[in-house]
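So the structure is just underneath, and the comments pick up after that.
Each value in this text was obtained by applying a stated rule to the coordinates, not by laboratory testing. Everything numeric in this text was worked out from a predicted model, so none of it was measured. As a convention, Cβ positions derive from the backbone with ideal geometry for all residues, glycine included, and neighbour counts pool all protein chains shown.
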Amino acid sequence: MSATPLLDVRSLSKRFPVRGTPRAVHAVDDVSFTIASGECVGLVGESGCGKSTIVRLVTRLLDPTGGRIFFAGEDVGSIPAARFAATAARAAIQMVFQDPADSLNPRFTAFDTIAEPLKRLARITARAELDTRVRAAADLVGLPAELLRRFPHQLSGGQQQRVGIARAIAVRPRLLVLDEPTSALDVSVQAVILHVLADLRQRLGMTYLFVSHDLNLVRLLSDRVLVMYLGRIVEAGPVDTVFDRPGHPYTRALISAIPALDPGARRPRVRLAGEPGSPIDPSPTVCRFFGRCPDGHDRCEREMPVLRTTGGDGHQAACHLLDSAIASSPTPSSQRPERESLPVPRGGTS
Amino acid sequence: MTVPAAAVPLLSVEDLSVEFQTRDGVVRALEDVAFTVARGETVGLVGESGSGKSVSALAILGILHPAARITSGRAVFGGLDLIAASETQREEYRGRELSMIFQNPRTALNPIRTVGRQIEDVLVRHANLGRARVRARALELLAQVQIADPARAWGAYPFELSGGMCQRVMIALAVACSPALLIADEPTTGLDVTTQAAILELIEDLARRSQMATVLITHDLALVGERCDRIVVMHAGHVVETAPTLELFRAPRHPYTARLIASTPRAGARLADLAPIPGGVPDLRGVLPPCRYRLRCERAAPACDEPPLPRQQIARGHLVACRFPS
């Protein structure tokens, strides 16, 4: 990964003023990460942790308060959001939204929706070429051509999301930002969409930033994962490492909260006290997780922990507790008793 | 937590059929739905959207949309058939013996009334407590659903609280009169995983303490697998399989159940392990085959077109609606 990363975010922060006061919401606070070309990076955290703000900063819908965003070596963070749509990078960074029913124009047919970015960003005006490109995009996401004339309300949830993905990939972006792309869908449809996304990545060599609160999904699709808590990245690393040996107590709590499809085996739950703290002018010298952390001690109240490398594979976590015991920290999986594994029925033709 | 099968169930739903009158014809949303809930038991009702999970719950409570018509069936709760009962009789039960919480707590709460007042309204209506006593009881309930500062929450409007807090308030409303049955319709969809775990633990805890039975409606099989004693699987308005949780996961007999399990991500699974269910929930208008899963089914045979849909008991407490159960 010595080559220039496709996306390079450095010390990014975004503050929103609180109306009528001199105070500010620290939505994103000193966040740095990179995404290599062809990589899929997952971004997880609870609502309010700053995931969506990062998405809007990276897709350049919002201007950062501080820090820089480099895309393919070009400093795109300094281009005002209002002018970004006129740049070539607009077509190179595209997004798939959470709720396909809400994010599609109800008065556009599937064809119109997919054609829109082609007209506006790729400047395609010839009817025949537009037709070819729309059909190609629909084909890539497995949307039958006969559905192109339909309006969103005439499509199922899964078909709507295929339209949403086709719109995003029609202009062949290099970076695709997926904001909870399956959370509005049924599990059976979710599986289909995940396969579509994995397939597209392979065929088009696209790079993904995959935002989700569902860690099981992040694990299925991503190479690396970033865990956010109250505006800061608290853990980062290869998915399997983060899942099997989480370094931050928050990550451990998140992992232990996922319902696992192995009934009968109750796992020890890492319980969190209360709700996340306030993002309004948080103290710069207190760990953001202090107060909710099951293991917090007095140093956490005096000094903000910073991300530090804990493994050779780029695994990083921001926690003081790692000073004493990196290797010996208990993980949910090692605490789990050996349990019999349930057979997964595969279609059930047995 | 299993209750002897011989015991009279708390709720017994039999042959429940519901139709919706729409401009495009009659939607046969439920057909001969049957399941039971024992006292203190937690039952999961799962299936894709459009499978009839919520319609079943609304029919039992008697709060279906005016376009809906119950064409057959009974829902016997504590000796009373809620379907045949008068609205006055049902009102005696609703909120007191039988409560429901909904998917989106913020829209289910009254936006212009403080949450404390909303809890008091329930208490005044159903618990015969004087205005003086209700305040103390409302604060007690807020503390019971583990809201850190009950006095502050009492005076808050729903928009001032987080989604998780609103759901706790909904639960406080629902359990205010210690109901015998709580129906929770997707209570944690839209909430974070950590909040989801906390809310479900809270419901479980309240249920255990007061022997409250719970029907947990969700599309998330992993969630019911972790929380329920028994699972009822629905597809297109039919109950296709009912079994104790472990048995259902270990040996699903209906092809749809097997598909549903295979499409749910498991911890540590790879994408290749995740198998989608072919096709979609069928259009419930017009003429439907006896088995509504027929068009999506890999076991389908000409015999499947012969009515009636067989519903057989395969083992004790394990029912399956399929001609070719595995």
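Data table
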{"item": "For region A:272-277, 3J(HN,Hα) per residue [Karplus equation, 6.51 cos²θ - 1.76 cosθ + 1.60, θ = phi - 60°, Hz, x = Gly/Pro]", "result": "9, 7, x, 10, x, x"}
{"item": "For peptides A:198-204, A:65-71, A:81-87, sequence by mean Cβ density within 10 Å, most packed first", "result": "A:65-71, A:198-204, A:81-87"}
{"item": "Dipole moment magnitude, nearest 20 debye, chain A about Cα centre, only Lys, Arg, Asp, Glu C-beta charged", "result": "760"}
{"item": "Distance from region B:13-81 to region B:298-312 (C-alpha centre basis), Å", "result": "23"}
{"item": "Estimated vicinal HN-Hα couplings, Hz - region B:285-298 in sequence order (Karplus 6.51, -1.76, 1.60; Gly, Pro = x)", "result": "9, x, 7, 10, x, x, 9, 7, 8, 3, 6, 9, 8, 7"}
{"item": "Estimated inter-spin distance, B:T114 and B:R131, nm [label 7 Å along Cα→Cβ]", "result": "1.5"}
{"item": "Loop sites in region B:3-103: trypsin sites (Lys or Arg not before Pro), DSSP, at most 14 other Cβ within 10 Å", "result": "B:R23"}
{"item": "Inter-label distance, nm, simple model (7 Å from Cα along the C-beta direction), B:Q313/B:L246", "result": "2.1"}
{"item": "Orphan Cys of the protein assembly as shown, criterion: no other Cys C-beta under 4.7 Å", "result": "A:C40, A:C49, A:C293, A:C319, B:C166, B:C177, B:C228, B:C291, B:C297, B:C304, B:C322"}
{"item": "Cβ charges +1 (Lys, Arg) and -1 (Asp, Glu), total dipole of chain B, debye", "result": "240"}
{"item": "Contour excess over end-to-end distance, with Cα ends at B:D81 and B:E306 and 0.36 nm allotted per residue", "result": "77.8 nm"}
{"item": "Peptide B:251-262, shielding by other chains (average Cβ, 10 Å cutoff)", "result": "4"}
{"item": "Inter-label distance for A:R299 and A:N105, nm, one decimal - labels placed 7 Å from Cα along Cα-to-Cβ", "result": "5.7"}
{"item": "Student exercise, the protein assembly as shown dipole from Lys, Arg, Asp, Glu Cβ charges, in Debye to nearest 20", "result": "860"}
{"item": "Proximal lysines to A:K14, defined as alpha-carbon separation beneath 16 angstrom and excluding residues fewer than eight positions away on the same chain", "result": "A:K51"}
{"item": "Rounded, prolate or oblate (a/c below 1.5 giving rounded, otherwise prolate when a/b exceeds b/c) for the protein assembly as shown by Cα gyration tensor", "result": "oblate"}
{"item": "Angle between chain A longest axis and helix A:110-120 axis [Cα atoms, degrees, rounded to 10]", "result": "90"}
{"item": "B:E14/B:F159 FRET efficiency (R0 41 Å; Cβ-Cβ; nearest 0.05)", "result": "0.45"}
{"item": "10 Å Cβ shell holding at most 13 others, DSSP loop, GluC sites (Glu not before Pro): longest site-free stretch of chain A", "result": "A:1-302"}
{"item": "Residues A:R10 and A:R120, FRET efficiency given R0 of 30 Å [Cβ-Cβ distance, rounded to 0.05]", "result": "0.50"}
{"item": "R0 of 56 Å, Cβ-Cβ distance B:Q146-A:E129: FRET efficiency to nearest 0.05", "result": "0.40"}
{"item": "Cα-based shape type of region A:1-47, given that a ≥ b ≥ c are square roots of the gyration tensor eigenvalues and the cut on a/c is 1.5", "result": "prolate"}
{"item": "Other protein chain Cβ atoms within 10 Å, averaged over every residue that makes up A:204-215", "result": "1"}
{"item": "Distance from region B:254-276 to region B:152-218 (C-alpha centre basis), Å", "result": "29"}
{"item": "Region B:283-326: trypsin sites (Lys or Arg not before Pro) falling in loop per DSSP and having at most 13 other Cβ within 10 Å", "result": "B:R316"}
{"item": "Alpha-carbon centroids, region A:1-76 and region A:176-231: separation in whole Å", "result": "18"}
